[in-house]
Structure formats: structure tokens, C-alpha cells
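The values are calculated or read from the model by the stated rules, or taken from the named source; none is laboratory data. None of these values were measured; they are calculated from a predicted model. Here the Cβ positions follow ideal geometry from the backbone for every residue, glycine too, while neighbour counts run over all protein chains shown. Just so you know, the surface numbers come from the protein's heavy atoms only, side chains and all, with ligands and any DNA or RNA stripped out. Shrake-Rupley method; radii C 1.70, N 1.55, O 1.52, S 1.80 Å.
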Amino acid sequence: AKRDPGTSYRFYDRQLHISAGYQLRLEADLRNALRGKELELYYQPRIDLATEEVRGVECLLRWNHPERGLVGPDEFIPVAERSGLIVPIGYWVIEQACKRLQESTELGFPGLVFAVNLSFRQFHDRKMTETIFRIIFNANVDTSLLELELTESAMMHDPEYAQRCLRELNQLGISFALDDFGTGFSSLSNLQHLPISLVKIDKSFVQELGQSADAEHIIRAIISLAHSLQISVVAEGVETDGQLEFLRQQHCDEIQGYYYARPMPWNDLVQFMNRQNQS
Ligand code: C2E
Ligand code: CA
Ligand code: CA
Ligand code: CA
């Protein structure tokens with residue numbers, strides 16, 4: 001399979017420095033980062049294949065580390081999860097996304113969906129619904145434009161509590177996407193019983209298109225299953241014409257990937273959207 005060199009480097013790096021001391025330093029740094037405005041959201045557009053319009057953006061965390069530069073989430077989210085820091089960080093992400101959502105309407109991009117990732121660890125917080133409710137109430141945003149992405153394993157710790165959170169938030173207008181769909185533990189009953197309006201096909205399948213017949217079969221099956229349940233499908237990690245064409249033929253609803261745009265800072269996204277609107 002094709003590999004993003006950045007990703008394998010980061011993984012290597014993590015393996016090398018996985019000492020307790022390193023963990024603790026990272027954790028302390030991260031605590032400061034949250035206080036000191038070193039965290040930033042990047043935004044990656046998601047394109048509707050039928051209309052070729054930007055339907056929404058996924059908000060992706062970045063850390064502007066004073067010494068180490070821009071640090072990707074694969075490096076610090078595991079630490080944030082282990083320490084519990086992902087809970088306040090996660091709320092900060094939703095708050096920030098709501099601000100940008102408000103701004104995007106003022107800038108003339110109404111209807112742009114903002115997707116935010118939720119960690120399994122955030123479902124350990126007994127005040128999750130309450131806190132999210134307060135954030136969106138204060139931000140006064142159209143909740144139908146807010147989408148939360150979670151993996152199926154995120155709900156495994158306490159499925160009943162997680163389901164209740166999803167229902168309550170869904171009643172406020174928030175929608176949910178199953179992330180990394182097809183990897184790990186997938187239960188079809190989740191699709192049926194949870195308020196899920198979207199599944200995201202994991203990039204590992206997309207990137208094996210053309211190299212593995214299995215990847216094709218799996219993607220076809222996911223799309224047909226989802227559609228038969230009135231659930232939309234986004235394919236992530238789309239990088240090539242070939243992948244795009246296959247997904248179009250299979251009636252995949254939206255694509256997200258470097259082929260179209262990389263995750264970018266807010267100001268770049270605004271320029272990108274303005275160019276889109278002109279063409
Ligand atoms: P994810 O939710 O699966 O996000 C998609 C990842 O795929 C992003 O990596 C994105 O930059 C990358 N990607 C998108 N298109 C392509 C492509 O065409 N090719 C390749 N090779 N990669 C592509 P990123 O930004 O490094 O984020 C990694 C993971 O970190 C995310 O995976 C998500 O699990 C986690 N993450 C990011 N932001 C947050 C956050 O605010 N909260 C939580 N809990 N997790 C986050
Ligand atoms: Ca995601
Ligand atoms: Ca994903
Ligand atoms: Ca992932």
C-alpha cells in the first residue's frame with residue numbers, strides 16, 4: 001500500500017521516544033498548549049460528488065509547539081487521551097468550530113457543515129451532553145451544521161451512556177458520522193439503532209483501490225449497505241483520479257482527500273472558498 005512518508009516517520013518517532021519521561025513532558029507541554037493558545041484547527045474540505053461543491057469541512061487539530069514546530073494529532077492525541085486532557089481539548093475544538101461556523105455564515109458560506117472528531121475518552125465525561133449543549137447555546141449556531149465524528153469503538157466503554165449522549169445531542173440537531181468505517185469493530189446494529197447519518201470509509205481501503213480487489217468489494221458493500229439505510233457515505237484519503245472515478249461510479253456521496261485539498265488554516269480555507277464561489 002502507498003504510504004504517506006510523514007505518517008510512517010511520525011510512527012517511528014513515537015516508538016523511539018515512548019519512555020515515561022517523554023510522555024510526562026509531552027503531557028505538561030500539552031497542558032500549557034491548551035492554556036497558551038498553541039492549539040489550532042486546520043480545515044479540510046469535503047466535496048459533494050454530484051454537485052462538485054464543498055459541502056463541509058473536517059476540523060483537524062494541530063499543535064504549534066514553540067520548539068518542535070507544527071505537531072500532528074497522531075503524535076499528541078494518544079497522550080491527551082491517556083491523561084484525560086482530551087476532554088477539555090475536545091470542548092475547545094467544538095467551541096472553536098462553532099466560532100468558525102458563525103463566521104462562515106457572515107463570510108457568505110451559509111450551509112457549510114463543520115465536522116469535529118470525538119475521542120472515546122470524551123465519552124467517559126458524565127457531563128458531555130450538558131457541556132456541549134452549553135457551548136452551542138452560547139455560540140448560537142445552527143446545530144444542523146454541526147457534525148460529530150466518532151469511531152464505533154468509542155462507544156464500547158459504556159454503550160448505554162454513549163447511546164444516550166448521541167440521542168440527546170441528536171435531538172438538539174447535531175448529526176453523527178461513523179469514522180474509519182470498516183476498520184476494527186464494526187457492528188451493523190450500530191447503523192440501525194444509532195442516530196448516524198453518515199459513514200466515512202477509512203482511507204486504508206481507498207488507498208488500496210487498484211491494488212486489491214478486496215478493497216473494491218468492501219467499498220461497494222459499505223456504500224450499498226449505507227444507502228439502503230438512508231445513510232450517506234464519505235470516502236477519505238482520496239488522492240488519485242482512479243480512486244475518484246471508482247467512487248463516483250459507486251455513487252459515493254462525498255470525497256475528502258489530498259486530490260481535492262489538504263487540511264489548511266482558516267484564512268487559507270476562506271480564500272479557497274472564495275475561489276470556489278467564483279468558479
Ligand atoms: P481522521 O479523523 O481519520 O482524519 C483524517 C486524517 O486523514 C487527517 O489526518 C487528514 O489530514 C488525513 N488525510 C486526509 N486526506 C488524506 C489523503 O488524501 N491522504 C492521506 N495520506 N491522508 C489524508 P490528521 O489531520 O493527521 O489527523 C489524524 C487523526 O487525528 C484523525 O484521523 C483523528 O482521529 C485525530 N484527530 C484530529 N483532530 C482531532 C480532534 O480535534 N479530536 C480528536 N479526538 N481527534 C482528532
Ligand atoms: Ca475524522
Ligand atoms: Ca477517518
Ligand atoms: Ca483515524
Qualifying residue in the range 217-235 (condition: in contact (Cβ under 8 Å) with a residue 40 or more places away in the chain and not hydrophobic (A, V, I, L, M, F, W, C)): no
Inter-residue pairs, beta-carbon under 6 Å, first within 18 Å of SER83 (Cα to Cα) and in the range 29-43, second β-branched (Val, Ile, Thr) and crowded, with 16+ Cβ neighbours inside 10 Å, 6+ apart: LEU34/ILE89
Filter result for ASP268 (under 30 Å from LEU70 (Cβ atoms) and among the charged types (D, E, K, R)): yes
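Answer yes or no as to whether ARG167 is out of contact with any helix residue (DSSP H, G or I) (no Cβ under 6 Å at 6 or more places or on another chain), within 14 Å of ligand 1 (Cβ to nearest atom), open to solvent by 40 Å² or more (accessible area, probe 1.4 Å) and modelled with pLDDT of 95 or more.
Against the criterion (out of contact with any helix residue (DSSP H, G or I) (no Cβ under 6 Å at 6 or more places or on another chain), within 14 Å of ligand 1 (Cβ to nearest atom), open to solvent by 40 Å² or more (accessible area, probe 1.4 Å) and modelled with pLDDT of 95 or more), ARG167 does not qualify.
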Leading residue by the ranking (surrounded by the fewest Cβ atoms within 10 Å (Cβ to Cβ)) among those in the range 151-164 that are touching a Gly at 6+ places or on another chain (Cβ under 9 Å) and not in a loop (DSSP other than H, G, I, E, B): SER153
Single unsatisfied condition, PHE185 versus (1) in contact (Cβ under 8 Å) with a residue 40 or more places away in the chain; (2) within 16 Å of ligand 3 (Cβ to nearest atom); (3) open to solvent by 50 Å² or more (accessible area, probe 1.4 Å): (1)
Residue match in the range 121-141 (condition: surrounded by fewer than 17 Cβ atoms within 10 Å (Cβ to Cβ), on the phi < 0 side of the Ramachandran plot, among the basic types (Lys, Arg) and assigned to a helix (DSSP H, G or I)): yes
Strands (runs of 3 or more DSSP E) wholly inside the range 31-105 containing at least 2 residues that are of a type in the set (Lys, Arg): 54-65
So ASN138, is it more than 18 Å from the chain's Cα centre (by Cα), among the polar types (S, T, N, Q) and more than 16 Å from ligand 4 (Cβ to nearest atom): yes
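One line per residue, one yes/no per condition, for (1) buried (at least 16 other Cβ atoms within 10 Å of the Cβ); (2) over 27 Å from PRO263 (Cβ atoms); (3) within 18 Å of the chain's Cα centre (by Cα):
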position	(1), (2), (3)
GLN171	no, yes, no
GLN192	no, yes, no
PHE205	yes, no, yes
GLY210	no, no, no
ARG220	no, yes, no
ILE223	yes, no, no
ALA226	yes, no, no
VAL234	yes, no, yes
PHE246	yes, no, no
Qualifying position, being open to solvent by 70 Å² or more (accessible area, probe 1.4 Å), farther than 28 Å from LEU191 by Cβ, away from ligand 1 (no atom under 16 Å from the Cβ) and in contact (Cβ under 8 Å) with a residue 24 or more places away in the chain, among ASN267, ASN277: ASN277
Meets criteria (open to solvent by 10 Å² or more (accessible area, probe 1.4 Å), in contact with a helix residue (DSSP H, G or I) (Cβ under 7 Å, 6 or more places away or on another chain) and of a type outside the set (A, V, I, L, M, F, W, C)) for GLY84: yes
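Could you please find all residues in the range 245-261 being assigned to a loop (DSSP other than H, G, I, E, B) and under 15 Å from ALA115 (Cα atoms)?
Within the range 245-261, just GLY257 meets the criteria.
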Failed condition for LEU169, given (1) out of contact with any Leu (no Cβ under 8 Å at 6 or more places or on another chain); (2) in a helix (DSSP H, G or I); (3) more than 16 Å from ligand 2 (Cβ to nearest atom): (1)
